[in-house]
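Asker: This is the structure I want to talk about, given as structure tokens.
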């Protein structure tokens, strides 16, 4: 190398009249990072190097609910609660409508059937009192099961709506409840079917265990009682472990059903593969959110219990339980139902949103979904009306290829 070549050290200023090529790397000791540009920025490779005097990493955009990158714990927790504030009508409003309807049906069904059954028992003669009492008890049990099944269906529908809201919020879209319902059309049946399968499986397993315990107690006497207690204890521990394992591995089935629109069988396999290698992360985040929600719910219910105790003492200091106390208890009971509906609505939205965010995070980590989302956001921002969200139909995407020869290959 000679002096005539006018060699310049990396990072040095290049004279305007000089013919030297501008440096493409930063000074020694300063790292350089790739910055994703996207297809609509004019760069064919999709990557560029940060230039200027202070090279560094350009963070991914945050067009809406979450930043388009792998999500950490704080981001998932914050976004789970932010869903309520960002688009309250189709989230909290839908939850309030669904949960309120479930509670209303539960109260009307159980109260009406109970009143009818008790009236029949009171009006029965001494000869058939036992038969009528047994029938009334069975009728009350059936009346309680129907609202419980309705609650399972309602929770499944709400989870599907919230998952779609999270996926649309990730790319900056705010959809109305009607738009979310339109997007969910055709998948509600599969979602309800999956919830019914889960309930059926739990019922069958618990029923088999109960039958075994009853047979042991009836047929073996004292030894059967001891064996039944031992089997019940071991079965409880085993079922708890299996339930935690299966519920974590299959926690993304609803998200896959709604976003990727696969069949139930394919959704089960998809959830199983997405959580592979991320079991403890998925379980830990879900458990933490459930613990936070449980604590907040308990704290929110404390003021009502305190007010009830003070009001009872104030209106009925001698404990006579007159008409005023009865009215007070009815009012407090209705208020407790309203508070329970509000709390249940909030918790259901947050838990469903957490599941949807974990689904997006795992697809970002394992499939490079964030790159596809960035491309879609940039296409929308550039005015491309034909851009289709990679989450609209949920086709699995592969990570974008890195240009040949790149040091990050």
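Asker: Among (1) in a loop (DSSP other than H, G, I, E, B); (2) closer than 24 Å to residue 343 by Cα, where does residue 262 come up short?
Answerer: Failed condition: (2).
Asker: So which residues in the stretch 367-388 are assigned to a loop (DSSP other than H, G, I, E, B) and free of Cβ contacts under 8 Å to residues at least 60 places away in the same chain, if there are any at all? Break it down stepwise before answering.
Answerer: Just the residues of the stretch 367-388 that are assigned to a loop (DSSP other than H, G, I, E, B), to begin with: 368, 382-388.
The answer is 368, 383, 385, 386, 387, 388.
Residue by residue, here is whether (1) surrounded by fewer than 16 Cβ atoms within 10 Å (Cβ to Cβ); (2) touching a residue at least 40 places away in the same chain (Cβ under 8 Å); (3) within 17 Å of the chain's Cα centre (by Cα); (4) assigned to a helix (DSSP H, G or I) holds:
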site	(1), (2), (3), (4)
154	no, yes, yes, yes
157	no, yes, yes, yes
160	no, yes, yes, yes
164	no, yes, yes, yes
167	no, yes, yes, yes
192	no, no, yes, yes
196	yes, yes, no, yes
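Asker: Considering only the stretch 189-204, state which residues are in contact with a helix residue (DSSP H, G or I) (Cβ under 7 Å, 6 or more places away or on another chain) and either at pLDDT below 90 or farther than 30 Å from residue 66 by Cβ (or both).
Answerer: Here is the first cut: in the stretch 189-204, the ones in contact with a helix residue (DSSP H, G or I) (Cβ under 7 Å, 6 or more places away or on another chain) are 190-195, 199.
Listed by number, the list holds a single entry, 199.
The values are calculated or read from the model by the stated rules, or taken from the named source; none is laboratory data. Quick caveat: nothing in here was measured; it's all calculated off a predicted structure. We place every Cβ from the backbone using ideal geometry, glycine too, and count neighbours over all the protein chains shown.
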